Amino acid sequence: MTRRLIALTIAENPPLRLDKALARDVPADAALSRTRLTRLINAGAVTLDDNVITNPKARVAEGAQVTITVEEADESHIGPEDIPLTVIHEDADLIVINKPVGMVVHPAPGTPTGTLVNALLHHCGDDLSGVGGVKRPGIVHRIDKDTSGLLVVAKSDAAHHGLAEQFAAHTVERYYRALCYGAPDASDPRLRGIKGARFEAGNILRLTTQLARHKHDRQKQMVLFQGGRHAVTRVRIVEALGTPPVAAMVECWLETGRTHQIRVHLAHAGHGLIGDPTYGGRRKLSTNAVSEAAALSARNFPRQALHAAVLGFTHPISGENLRFEAELPGDMVALLDDLRQPAG
């Protein structure tokens, strides 16, 4: 394994702690996050005035000479695969992808190949500077296999750390478009009786619950009100579909980002996603409200009708505010067109 040495001098008015001072003063092109620097200190890879320091909280003064020994990133055990990607944005530190339906984000026992990570290893090649000491893409969030839309992935350790902080602080802008059964409207008295549901100004449905893994099906999530993880989803109607409305195009945005959050929350509210095999059921739309073709399209839609349409965040290195949008995929457009057709 090859090693590189990074030498630096602590600048004026440093933070008192070594880890914080290094996070401030280490060259940007070293691509070392504070988390990685802390690990390097703990591993004895940092010297301060020729003395090995293993305490990240060690005091440091202006003018101190620091040497950091960094082992070059190992090759990932995951293999690169030449899989086409729709790249929305790419720079030295991160890449934004419009993920297609059917692609798993990260290899798992059931899907060891054909994933987004395999594709990114091929696409990025030597541009990956290493995340956590391994040449791999830094996955900071995921969307389900059969959900389409926008994902940001880090290409460097520093970018990975910076993006992860934003997701943890819930400052990332994420809007989804979905087609659901019924129309979640404040005029519906049924919704007022659902625990965790309330309406905000502008006919916005706010769903607040705890979410946890289902007791009997480990592949599912369930709504709780004690235990589990706090989850908040907001939903507004973009377009009511049918006369009277039996479905809707809705916009959902996340205050938190839990597994299956939108799918579970909308099902809890009685507005499961069309096509969702896990939470949506296979409800039949009334042909008194929509055309027979629309009812058939909804019944046969093969996946949850959910698309990650908007993604906004602060670039973790440059500080630039970035915002991206991805249009609905063709299958959701076709379903929406069918649902707009009048009955009869």
> Within segment 263-301, which residues are outside any helix (DSSP H, G or I) and of a type in the set (D, E, K, R)?
Replying inline: ASP276, ARG282, ARG283, LYS284
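Yes/no matrix, rows are residues, columns are (1) surrounded by 20 or more Cβ atoms within 10 Å (Cβ to Cβ); (2) at pLDDT below 90; (3) in contact with a helix residue (DSSP H, G or I) (Cβ under 9 Å, 6 or more places away or on another chain); (4) within 15 Å of ILE6 (Cβ to Cβ):
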| position | (1), (2), (3), (4) |
| --- | --- |
| ARG36 | yes, yes, yes, yes |
| ILE41 | yes, no, yes, yes |
| THR47 | no, no, no, yes |
| GLY63 | no, no, no, no |
| VAL66 | yes, no, yes, yes |
| GLU72 | no, yes, no, yes |
| HIS77 | no, yes, no, no |
> Do we have PHE225 as closer than 30 Å to GLN166 by Cβ, within 19 Å of the chain's Cα centre (by Cα) and not β-branched (Val, Ile, Thr) here?
Replying inline: no
> Given GLU327, GLU251, which one is assigned to a strand (DSSP E or B) and of a type in the set (D, E, K, R)?
Replying inline: GLU251
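Tell me which residues, restricted to segment 321-335, are of a type in the set (A, V, I, L, M) and within 15 Å of MET249 (Cβ to Cβ).
Step one: filter segment 321-335 for residues of a type in the set (A, V, I, L, M), giving 322, 326, 328, 332-335.
Passing the criteria: LEU328, MET332, VAL333, ALA334, LEU335.
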>> When you check LEU335 against the structure, is it surrounded by fewer than 22 Cβ atoms within 10 Å (Cβ to Cβ) and not in a strand (DSSP E or B), yes or no?
In response: no
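Counting just the residues of segment 219-234 that are under 21 Å from GLY275 (Cβ atoms) and in contact with a Lys or Arg (Cβ under 8 Å, 6 or more places away or on another chain), which one comes out surrounded by the most Cβ atoms within 10 Å (Cβ to Cβ)? Full working, then the answer.
In the first step, residues of segment 219-234 are kept if they are under 21 Å from GLY275 (Cβ atoms); the result is 219-223, 233.
Restricting the remaining residues to those that are in contact with a Lys or Arg (Cβ under 8 Å, 6 or more places away or on another chain) gives 220-222, 233.
Working: LYS220: 15, GLN221: 23, MET222: 18, THR233: 27.
Here the residue is THR233.
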>> For segment 107-134, which positions are in contact with a strand residue (DSSP E or B) (Cβ under 7 Å, 6 or more places away or on another chain), crowded, with 21+ Cβ neighbours inside 10 Å, at pLDDT below 85 and not in a loop (DSSP other than H, G, I, E, B)?
In response: VAL131
> Quick check: anything in segment 89-97 touching a strand residue (DSSP E or B) at 6+ places or on another chain (Cβ under 6 Å), modelled with pLDDT of 95 or more, surrounded by fewer than 17 Cβ atoms within 10 Å (Cβ to Cβ) and farther than 21 Å from HIS161 by Cβ?
Replying inline: no
>> Quick test of your reading of the structure: LYS284 fulfils all but one of (1) surrounded by fewer than 18 Cβ atoms within 10 Å (Cβ to Cβ); (2) touching a residue at least 60 places away in the same chain (Cβ under 8 Å). Name the failing condition by number.
In response: (2)
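Select the strands (runs of 3 or more DSSP E) contained entirely in segment 37-106, then report the ones holding at least 1 residues which are of a type outside the set (Gly, Ala, Ser) and under 24 Å from SER318 (Cα atoms). Let's see the steps before the verdict.
Working: elements: 46-48, 65-71, 87-90, 94-99.
Once the strands (runs of 3 or more DSSP E) in segment 37-106 are filtered for at least 1 residues that are of a type outside the set (Gly, Ala, Ser) and under 24 Å from SER318 (Cα atoms), what remains is 65-71, 87-90, 94-99.
A quick yes/no check of all residues on (1) touching a helix residue (DSSP H, G or I) at 6+ places or on another chain (Cβ under 9 Å); (2) free of Cβ contacts under 8 Å to residues at least 24 places away in the same chain; (3) outside any helix (DSSP H, G or I):
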| site | (1), (2), (3) |
| --- | --- |
| ILE143 | no, no, yes |
| ASP146 | no, no, yes |
| GLY149 | no, no, yes |
| ALA159 | no, no, no |
| LEU163 | no, no, no |
| HIS170 | no, no, yes |
| TYR176 | yes, no, yes |
| LEU179 | yes, no, yes |
| ASP185 | yes, no, yes |
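The values are calculated or read from the model by the stated rules, or taken from the named source; none is laboratory data. Since we're looking at a predicted model, the values are computed, not measured. A quick note on method: Cβ atoms are made from the backbone with ideal geometry, for glycine too, and the neighbour counts reach across all protein chains shown.
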